[in-house]
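The values are calculated or read from the model by the stated rules, or taken from the named source; none is laboratory data. It should be emphasised that the depicted structure is a prediction, and the values quoted were computed from it without experimental measurement. In this analysis, Cβ positions are derived from the backbone assuming ideal geometry, glycine residues included, and neighbour counts consider all displayed protein chains. Accessible surface is based on the protein model in full, side chains and every heavy atom, while ligands, DNA and RNA are left aside. Shrake-Rupley method; radii C 1.70, N 1.55, O 1.52, S 1.80 Å.
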Amino acid sequence: MYSFRNEEGLCSQSHAKKIILISFLGGKSSAAGALQSNGSPRVPAVIVFGDSIVDPGNNNNIKTLVKCNFPPYGRDFTGGKPTGRFSNGRVPSDFLAELFGVKEYLPAYLDPNLKTEDLLTGVSFASGATGYDPLTPQIASALSMSEQLKLFKEYVGKITAAVGEEQAATIVTESIYIIVCGSDDIANTYFITPFRKAQYDVPSYTDLMVDSASSFFKELYGQGARTIGVISVPPIGCVPSQRTLSGGLERGCSEKANQAAQLFNSKLSARIDALNAQLPGSRLIYLDIYSPFLDLIRNPSKDGFEVGNRGCCGTGNIEVSVLCTRLSDPKTCKDDTKFVFWDSYHPTERAYKILTTRTYNKYKSMFY
């Protein structure tokens, strides 16, 4: 669910050394540290893959029910526009693009209004409700990780046609790549649907997730990525919808889901260490979001929040995507800055900002 990292592309031994796996978050702060002394960005582009945490609107343009291009989504976005971002405003991919000094908003690759300059500074291929498990996007009719990679190959062709092979290769190699995925596998595919439980227990299912994630990392590396941020799964059992479905009358956190997330994260971290030794010219770093996000949920008042166990939209207990609409307005909170969650699954812009900023500031030296 939340965690991040980046990568580079084809050659450059010095700059082509980084694959950083991070954790999900969101935040907007000064991007000065991401700029060179001449004021230009240290990296040419930020390129993102994953799920709804970093989908800025790709699902608007595919046949799926998992959409949010309608009010009250986006009510705090520029102009109050519902763009397809699963929040009240900006999401982690936007904040990261700004923190790395590239641009304020990271657009969806499938946005029909994209211009060449948008492509050259990075896009998001993420699709809400996808996962590392190939079954997860099938259930939700979302873009699979392999389909996102195919779109990336198409993207490379477009920028090559625009600026030539040499400059395109530089963009691919020196860009920062972010991967945010895994929450929907655990929360939805494994614990809500019956399809995987009959075949896998939690340990074997998390093995499947890690193997699939590892294959994606290696394929992306094979396409030239070198600085890759992979976000760990957050305490998914504590998001409002999971509390409602599995937390009993008191809506406590689903410990089973949290334990599965922790197990996956530990295996992901170990796999990253192994890949670090296998992939020449790369550096893989696992960045955890589980602990800081859990602390934010359990102790919301430390950061000025008042509510950490339900979302702002509607009752805040179950509404997400097509359940969070104008019909939810009578019960939707007036001041979402007091809420950790916007809907029953996704944080508010303010929560994203706090988490992203803290993680960036803690690990930014590893990106350069």
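Some values worked out for this structure:
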{"read-out": "FRET efficiency, 1/(1 + (r/R0)^6) with R0 51 Å, evaluated for K218 and Q36 via beta carbons", "value": "0.95"}
{"read-out": "Per-pair calculated FRET efficiency, R0 = 30 Å: S204 and S365 via Cβ, rounded to 0.05", "value": "0.20"}
{"read-out": "Candidates per chymotrypsin sites (Phe, Trp or Tyr not before Pro) in region 179-248, loop by DSSP, up to 16 other Cβ within 10 Å", "value": "F195, Y200"}
{"read-out": "Interchain or long-range residues, amide H under 5 Å from V180's placed H", "value": "F49, G50, D51, I231"}
{"read-out": "Charge-dipole axis of region 87-218 as Lys and Arg at +1 and Asp and Glu at -1 on Cβ define it, positive-most pick from S183, S93, L106", "value": "S183"}
{"read-out": "Residue-averaged 222 nm ellipticity for the chain, from DSSP H runs of 4+ at -39500 (n - 2.57), nearest 500", "value": "-10500 deg cm²/dmol"}
{"read-out": "Sparse-neighbourhood loop sites, GluC sites (Glu not before Pro) in region 216-319 - DSSP loop, at most 16 other Cβ within 10 angstrom", "value": "E250, E306"}
{"read-out": "Anisotropy class of region 41-168 from Cα gyration tensor, a/c 1.5 cut", "value": "oblate"}
{"read-out": "Residues with amide H under 5 Å from that of T227, placed H, sequence gap 5 or more", "value": "E7, E8, G9, K18, Y177"}
{"read-out": "Amide H contacts of G314 (H built 1.01 Å from N, under 5 Å, at least 5 apart or other chain)", "value": "K331, T332, C333"}
{"read-out": "Rounded accessible area per residue of region 239-335, 1.4 Å, Å²", "value": "50"}
{"read-out": "Distance (nanometres) between label positions extended 7 Å along Cα→Cβ at K334 and V163", "value": "4.8"}
{"read-out": "Among V66, Q278, S246 the positive-end extreme of the charge dipole of the chain (Cβ point charges)", "value": "S246"}
{"read-out": "Partner lysines for K81 [C-alpha distance under 16 Å; skip if fewer than 8 residues away on the same chain]", "value": "K67"}
{"read-out": "Karplus 3J(HN,Hα) series, Hz, for region 160-177 with 6.51 cos²θ - 1.76 cosθ + 1.60 (x for Gly, Pro)", "value": "5, 5, 7, 10, x, 5, 5, 5, 5, 5, 5, 4, 4, 6, 9, 6, 9, 10"}
{"read-out": "Which labelled figure in (1) 16.7; (2) 19.4; (3) 24.3 is mean projected area of the Cα convex hull in nm², once derived from the coordinates", "value": "(1)"}
{"read-out": "Among G131, G74, G182, residue whose mean-square fluctuation peaks in a GNM of the chain (springs only between Cα atoms under 10 Å)", "value": "G74"}
{"read-out": "Cα centre as origin, Lys/Arg/Asp/Glu Cβ charges: region 46-366 dipole, Debye", "value": "440"}
{"read-out": "At R0 = 41 Å, FRET efficiency that the Cβ-Cβ distance of R251 and E117 yields, to 0.05", "value": "0.30"}
